[in-house]
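Worksheet: the structure to be examined is printed underneath.
The values are calculated or read from the model by the stated rules, or taken from the named source; none is laboratory data. On a predicted model such as this, the values are computed, not experimentally measured, just so you know. As a convention, Cβ positions derive from the backbone with ideal geometry for all residues, glycine included, and neighbour counts pool all protein chains shown.
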Amino acid sequence: MCAYKGGLTLIRSMTGYGRHQAVIGGYDVTVELKSVNHRYFEYSSRLPRTCGFLDDKLKTYLQGYISRGKVDVYVSLDAVEVADSVVVVNTALAKAYRDALESISTELDVRNDVSAMSLARFPDVLTVRKAEADEEAIWAAVQQVAEVAVQKFVAMRELEGERMRADVLSRRETILNAVSVVEERSPQTVREHMEKVEARMRELLGTATVDEQRLLTEAAIFADKIATAEETVRLRSHMDQLQTLLDSDEPIGRKLDFLVQEINRETNTIGSKATDLQLAQVVVDVKAEIEKIREQIQNIE
């Protein structure tokens, strides 16, 4: 797993872009990176045909900065101060041509004006081939350019990550406020329910005395049925964990995904216990916030 660098508390988006171009060591190098969401680290590259050896080096290098996301890397490389071709002399063939010309000169009694230039004009005496790639020099140049491209790439990811962090924290506060409403409202629903039960019993019994013990039993049963204290305590604990993760200096996307599932589970339980419209609406609002958080964390590394 990659380590976040710089000592700052920053979360990162999985979406990023970075590009840099420079002439280093005689090579004009361009490195371009872009990434989108993915559950794991997935790497693909487009490299010059003769530079396949860069593939594993770049992948390993990028894994030091990226833990999740589908990353596409493009590298172009042109030799501007380095000879990328060599001229090869077929000496044996040149000698054969020279000997043949001398033989013609002797046999036909003509002047032999053979020269290096004339021999070079014969087919296949000189051939131009691609020079052997200096892999270490090429990698040194590409790595320097990639380092700057990665810095730009990571900076973009961190900027977007900070926006997402601020949004998730804002929604966290909204959820905590909703939890406070649930904690305050739940006891009130018990009292209101009991008042309705008592009023109904008095209506049915007329002037007869209402059985107080029966009312207390009914209140205990109802209070136990709609009790949300355990769920609200766990929700507050999950909100603390959410804050801790958002303050972490490591990749947190997968942990956040699991935590949001737990938050949603507790909210659903509270919803199943809601007995009045106010609590039901609070639960609906909380679930809307959870869904928005879920959407955000899908893009957090």
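Each residue in the stretch 114-154 was checked for being loosely packed, with under 15 Cβ neighbours inside 10 Å, of a type in the set (A, V, I, L, M) and touching a residue at least 40 places away in the same chain (Cβ under 8 Å), and 4 pass. Each residue in the stretch 35-56 was checked for being surrounded by 16 or more Cβ atoms within 10 Å (Cβ to Cβ) and either in contact (Cβ under 8 Å) with a residue 60 or more places away in the chain or small (Gly, Ala, Ser) (or both), and 4 of them qualify. For the stretch 73-127, the set of residues classified as hydroxyl-bearing (Ser, Thr, Tyr) and more than 21 Å from Arg49 (Cβ to Cβ) consists of Thr91, Tyr97, Ser103, Ser105, Thr106, Ser115, Ser118, listed by residue number.
Scanning the stretch 238-265 for residues being over 21 Å from Val179 (Cβ atoms) and outside any helix (DSSP H, G or I) gives a total of 5.
If you check Val71, Val29 for being at negative phi, over 19 Å from the mean Cα position of the chain (by Cα), aliphatic (A, V, I, L, M) and assigned to a strand (DSSP E or B), only one passes: Val29. Candidates are the residues of the stretch 101-147 that are within 60 Å of the chain's Cα centre (by Cα), polar (S, T, N, Q) and part of a helix (DSSP H, G or I); the one that is farthest from Tyr74 (Cα to Cα) is Gln144. Could you look through the stretch 52-68, keep only residues that are under 12 Å from Gln143 (Cβ atoms) and not charged (D, E, K, R), and pick out the one that is farthest from the chain's Cα centre (by Cα)? Among residues in the stretch 52-68 that are under 12 Å from Gln143 (Cβ atoms) and not charged (D, E, K, R), the one farthest from the chain's Cα centre (by Cα) is Leu54. Hey, among the residues in the stretch 7-24 that are farther than 14 Å from Glu147 by Cβ and either surrounded by fewer than 16 Cβ atoms within 10 Å (Cβ to Cβ) or of a type in the set (Phe, Trp, Tyr) (or both), which one's modelled with the lowest pLDDT? Filtering the stretch 7-24 for residues that are farther than 14 Å from Glu147 by Cβ and either surrounded by fewer than 16 Cβ atoms within 10 Å (Cβ to Cβ) or of a type in the set (Phe, Trp, Tyr) (or both), the one modelled with the lowest pLDDT comes out as Gly7. Restricting Ala280, Ala288 to residues that are over 24 Å from the mean Cα position of the chain (by Cα), closer than 17 Å to Arg172 by Cβ, surrounded by fewer than 20 Cβ atoms within 10 Å (Cβ to Cβ) and of a type in the set (A, V, I, L, M, F, W, C) narrows the list to Ala288. Of all the criteria given as (1) surrounded by 13 or more Cβ atoms within 10 Å (Cβ to Cβ); (2) free of Cβ contacts under 8 Å to residues at least 24 places away in the same chain; (3) over 30 Å from Glu158 (Cα atoms), the one not satisfied by Ala227 is (2).
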